[in-house]
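What follows is a single structure, written as structure tokens, with notes after it.
The values are calculated or read from the model by the stated rules, or taken from the named source; none is laboratory data. Note that this is a predicted model, so its numbers are computed, not measured. Neighbour counts run over all protein chains shown; Cβ positions are idealised from the backbone, glycine included.
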Amino acid sequence: MLGSYLIVAVGFWVLILIVLPQLSMFDYSFRYNLPPAEIGTEKDVYTTSNYGHFFQGNEGNPDRLSVFGMETDIPFNQIGMSVFFKTIVAAVFVTLFDLLLCYPLAYYLGQSKGGGFVRSLVLLLIIPYWVNEILRAFAFRIIFGATGVINTSLVGLGILDAPFDFVREDIALYAGLGYAYILLMIFPIYNAIESLDHNQVEAARDLGSPWWRIHWRVVIPFAKPGIVSGCTMVFMLSAGALAAPQILGGPSSLWFTQIIYQWFNTGGNWPRGAAYAVVLLITCIIFVLAMMRIFKVKMGEIGK
């Protein structure tokens, strides 16, 4: 009975809440932006113009594609494409930041013998996430603001002569994104390292291996599925973040999801917004699958 319930619940989640909305958005991306009265008429046909706009921009766009410093006659959506690549690169940076920050902590939690202390430390990691994500983002904006704790401390200690604009330089944004998804990185790695036999680490240490070789040859290969799982979740959520970029982003900062949001809401062009969303989704999936292939990790290993 319980097994049947779980199958129905998971099937409902995957089909109704994931597959069908994505298929609907994919269908939308190949449609013209028509008024409701014309939907379903002979004008409601499929088109690739929304994807063409992503790469080439509006008709009459003066920007041209440049190849090895030589300008061509091909129209190029310079603003949209630059924001898109900036978002992907920033998501990679946030993922690496979380990995470097969480791996040592996950290793300590997984290999530590102090059960009560470890449980207390895990609880301390979870408690801040009882606060709403938007409130945490606003808290980060206050902390990194001109009169925030960081600037006040640095100016008071004489390290800075004047407050530094962490918001304009996107430092507050990257810190906020890294903090927002830190648990999604630490727990998969912790779960993987926890099952590692500590005797293997002790044996490598007894044989004279330095600490970095122990991690490189013993711990990391064993924890690789957890590392890939954490990196996948952090990368996908960072690339698709909306609240944090809107709150913590500087005046000149623009996240690709903000462009998608504008097409769906301010622009009122759902097909174009859907096309942009599909491009982001496919790019993220390709990137994740490429990383899995490079690090030789299978989907089944991530699911363990």
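Ile220 versus (1) in contact with a helix residue (DSSP H, G or I) (Cβ under 6 Å, 6 or more places away or on another chain); (2) without any contact (Cβ under 8 Å) to a residue 60 or more places away in the chain; (3) of a type in the set (Val, Ile, Thr): which is the lone unmet condition? Against the list (1) in contact with a helix residue (DSSP H, G or I) (Cβ under 6 Å, 6 or more places away or on another chain); (2) without any contact (Cβ under 8 Å) to a residue 60 or more places away in the chain; (3) of a type in the set (Val, Ile, Thr), Ile220 comes up short only on (1).
Condition test on Phe138, is it in the same structural domain as Lys86 (by TED's automatic domain parsing) and surrounded by fewer than 17 Cβ atoms within 10 Å (Cβ to Cβ)? Yes. Among the residues making up the stretch 45-67, those that are modelled with pLDDT of 85 or more and surrounded by 11 or more Cβ atoms within 10 Å (Cβ to Cβ) are Thr47, Ser49, Asn50, Tyr51, Gly52, His53, Phe54, Phe55. Would you check which residues across the stretch 79-98 are under 15 Å from Thr257 (Cβ atoms), touching a residue at least 40 places away in the same chain (Cβ under 8 Å) and aliphatic (A, V, I, L, M) and list them? Val83, Ile88, Ala90, Ala91, Val94, listed by residue number.
Tell me whether the stretch 185-196 contains one or more residues that are polar (S, T, N, Q) and under 22 Å from Ala239 (Cα atoms). Taking every residue of the stretch 185-196 in turn, none turns out to be polar (S, T, N, Q) and under 22 Å from Ala239 (Cα atoms). Of the listed requirements (1) modelled with pLDDT under 90; (2) closer than 28 Å to Val228 by Cβ, Leu96 misses just one: (1). Where helices (runs of 4 or more DSSP H) fall wholly inside the stretch 125-226, the ranges with 2 or more residues that are at pLDDT 90 or above and in contact with a Leu (Cβ under 9 Å, 6 or more places away or on another chain) are 171-180, 182-194. Within the stretch 169-205, if we keep just the residues that are charged (D, E, K, R) and surrounded by 15 or more Cβ atoms within 10 Å (Cβ to Cβ), the residue that is farthest from Ile220 (Cα to Cα) turns out to be Asp170.
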